[in-house]
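Since every read-out is calculated from the coordinates, none of them should be taken as a lab result. Predicted, not measured: the structure shown is a model, and the values here were computed from it. Note that we place each Cβ from the backbone using ideal geometry, even for glycine, and neighbour counts take in every protein chain shown.
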Amino acid sequence: MNRTATLALIAGAAFAGAPAGAQETYEIWHYYAAGSELAGMNAMIENGNAASDDAVFEGVIIPGNVVELRRQLQSAMLGGQPPAAYQSSMAFELRTFVDSGQLHPLTDVWNTVNGDEIFPEGVQRVVKIDGVPYGVPYDLSLINNIFYNKEIFEELELDAPTDWDEFDATCAALSEAGYEPLGNAGGPFWSLYNFYAPLVSVVGVDGYYDLASGELGFDSEEFSTALDLYAEHMVPCYADNWSGKTWTQTADDVVNGDTGMFMMGIWVAAYFEQAGFMAGEDFDMFPAPGTADAAIFQMDVLAVPNGPDDAIAAAEVFIEAAASTEGQAAFAVPKGSLAPNVNVDPSVYGYAGASFSEQFSAASEAGKVLPNLFFLLPTDVGTELGVQIERFAIDPSDETKEEVISTLEAMRQSALEEDAFLNW
């Protein structure tokens with residue numbers, strides 16, 4: 001559907017169902033309820049309203065997270081009253097609704113915004129189902145960077161490490177000087193995100209996708225070697241009592257000068273700066289060893305439920321605006337995230353955002369933009385992977401390693417029997 005036809009549908013619906021001069025209101029559901037996240041969403045919705053003369057877009061907050069939004073969305077779909085568009089995760093989250101016939105394909109709007117040109121291949125792979133786009137990305141965060149306290153590094157005359165040997169030496173120097181070398185936090189995600197650096201170091205891009213598709217086993221030599229690399233280089237560097245802390249508490253340890261480094265998603269940069277701990281002055285960052293030319297990311301997209309023609313048409317106008325360089329910057333700058341559209345000028349960001357943008361663009365050119373493995377795996381397998389990697393980080397013994405491999409491989413075999421894996 002082209003833009004003229006889309007606007008005609010909206011205008012026709014508004015004329016038929018409302019007094020002359022009135023505009024139809026269409027809901028955009030999301031779970032960004034406060035702070036920089038809400039500021040970004042509000043800015044994107046404002047941008048969408050500026051792009052349409054015939055529709056008004058209104059953000060509706062669904063308290064909680066993607067799980068709660070999914071529940072509310074399923075109820076709304078059953079009741080025949082879904083929103084025009086909503087915030088979705090990538091990959092399997094989209095696939096679930098596509099398989100049930102509840103999502104509208106976004107082929108037309110994707111072609112209009114030149115999605116194959118403005119979004120890297122790694123991004124495209126997790127918004128297309130069987131080659132058809134069902135989500136358009138607007139919010140992307142890299143998760144393979146290590147942040148460090150510049151004052152501590154300058155005091156000890158340390159440079160950002162570029163490989164595992166240098167990383168070991170940096171951890172040793174921090175520890176000898178009385179600092180906790182590397183922060184981490186409890187929960188099934190953070191140790192898993194840290195593990196991606198050793199994993200990519202061993203299996204590379206192809207092996208990463210092979211693991212996601214179930215072709216590479218958890219009982220493989222490659223996965224075992226990645227666990228060994230993680231146990232040898234990262235786990236010994238973790239701060240004492242890390243598993244009892246939240247990520248914000250560990251971030252505070254970096255700000256307070258107790259911990260030298262912290263591997264976390266780029267949202268921690270916004271958290272630091274809200275505390276007056278400024279990028280380029282008080283902290284800086286570097287890609288984790290093994291990922292120097294890669295960008296490992298997680299991402300939110302806009303998806304459109306099947307519904308009335310006028311709502312779908314309005315949603316496509318909104319998404320076209322959200323995919324533009326203006327719309328992407330409108331969200332990313334206040335949110336403190338990265339625009340998935342590679343044409344967004346890095347100058348819109350501050351020091352940290354510009355660095356992340358350059359990293360993302362370089363990885364795009366190198367073909368090493370990798371989605372968060374958690375979202376590529378069948379949901380139960382991805383969840384268990386996070387649980388088992390944290391367990392191994394707490395106790396990296398040979399016995400634990402064998403149990404981790406055995407547990408995950410049994411789940412892989414079960415998922416293979418159920419044909420649950422996908423080739424992304």
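Using the Karplus equation 6.51 cos²θ - 1.76 cosθ + 1.60 (θ = phi - 60°), what ³J(HN,Hα) coupling, rounded to whole Hz, does each residue of the stretch 203-214 give in order, writing x for Gly and Pro?
9, x, 5, 5, x, 4, 6, 5, 5, 5, 8, x
Using alpha-carbon pairs under 8 Å, 6+ residues apart, how would you state the relative contact order of the chain in percent?
Result for the chain is 27 percent.
So if the hydrodynamic radius of the stretch 18-94 is defined as the Kirkwood radius over C-alpha pairs, what does Stokes-Einstein give as its diffusion coefficient at 37 °C and 0.692 mPa s, in µm² per second?
242 µm²/s
What does the helix-only formula give at 222 nm for the chain: each DSSP H stretch with n ≥ 4 adding -39500 (n - 2.57), the total divided by the residues, and the result rounded to the nearest 500 deg cm²/dmol?
The helix-only estimate for the chain comes to -16000 deg cm²/dmol at 222 nm.
Could you give the size of the charge dipole of the chain about its Cα centre, using +1 on the Cβ of each K and R and -1 on the Cβ of each D and E, expressed in debye and rounded to the nearest 20?
1520 debye
Report the one residue of VAL127, PHE147, THR162 whose Cα lies farthest in the direction of the positive end of the charge dipole of the stretch 106-169 (charges on C-beta: Lys and Arg +1, Asp and Glu -1; origin at the Cα centre).
VAL127
Here are several values of semi-axes √(5λ) of the Cα gyration tensor in Å: (1) 41, 21, 17; (2) 35, 28, 19; (3) 39, 25, 18. Which one was derived from the coordinates shown?
Read-out taken from this structure: (3).
Taking the highest mean first, how do the peptides 70-77, 370-377 order by number of other beta carbon atoms within 10 angstrom per residue?
Those peptides, ordered most packed to least, come out 370-377, 70-77.
Normalise the Debye intensity by I(0) for the stretch 267-397, one equal point scatterer per Cα, no solvent, then take log10 at q = 0.15, 0.20 Å⁻¹ and round to two decimals.
For the stretch 267-397, the Cα-only Debye profile gives -0.95, -1.24.
If you place +1 on the Cβ of every Lys and Arg and -1 on the Cβ of every Asp and Glu, how big does the dipole about the Cα centre of the stretch 271-424 come out, in debye to the nearest 20?
Here the size comes out at about 280 debye.
Remind me, relative contact order of the stretch 150-307 in percent, using alpha carbon pairs under 8 angstrom and six or more residues apart?
36 percent
Label the stretch 148-244 by shape, choosing from rounded, prolate and oblate, from the square roots a ≥ b ≥ c of the eigenvalues of the Cα gyration tensor; if a/c is under 1.5 it is rounded, and otherwise prolate applies when a/b is larger than b/c, oblate when it is not.
prolate
Over the stretch 69-179, what number does the Rg to Rh ratio reach, with both radii from the alpha-carbon atoms and Rh per Kirkwood?
1.24
Kirkwood hydrodynamic radius, the stretch 363-424, all distinct C-alpha pairs: what's the number in Å?
Answer for the stretch 363-424: a Kirkwood hydrodynamic radius of 13.0 Å.
What's the percent breakdown of Cα-Cα distances in the stretch 318-371 across 5 Å bins, shortest bin first?
In whole percents, the pair-distance histogram is 4, 21, 31, 22, 16, 5, 0.
When you count, for each residue, the other Cβ atoms within 10 Å and take the mean per peptide, how do 156-164, 225-233 rank with the highest first?
Top of the packing list down: 225-233, 156-164.
Under 27 Å Cα to Cα from LYS368, which lysines show up? Leave out anything in the same chain fewer than 8 places away.
LYS128, LYS335
Putting +1 on Lys and Arg Cβ atoms and -1 on Asp and Glu Cβ atoms, find which of GLY35, ALA322, GLY48 reaches farthest to the positive end of the dipole of the chain.
My answer, from the dipole projection, is GLY48.
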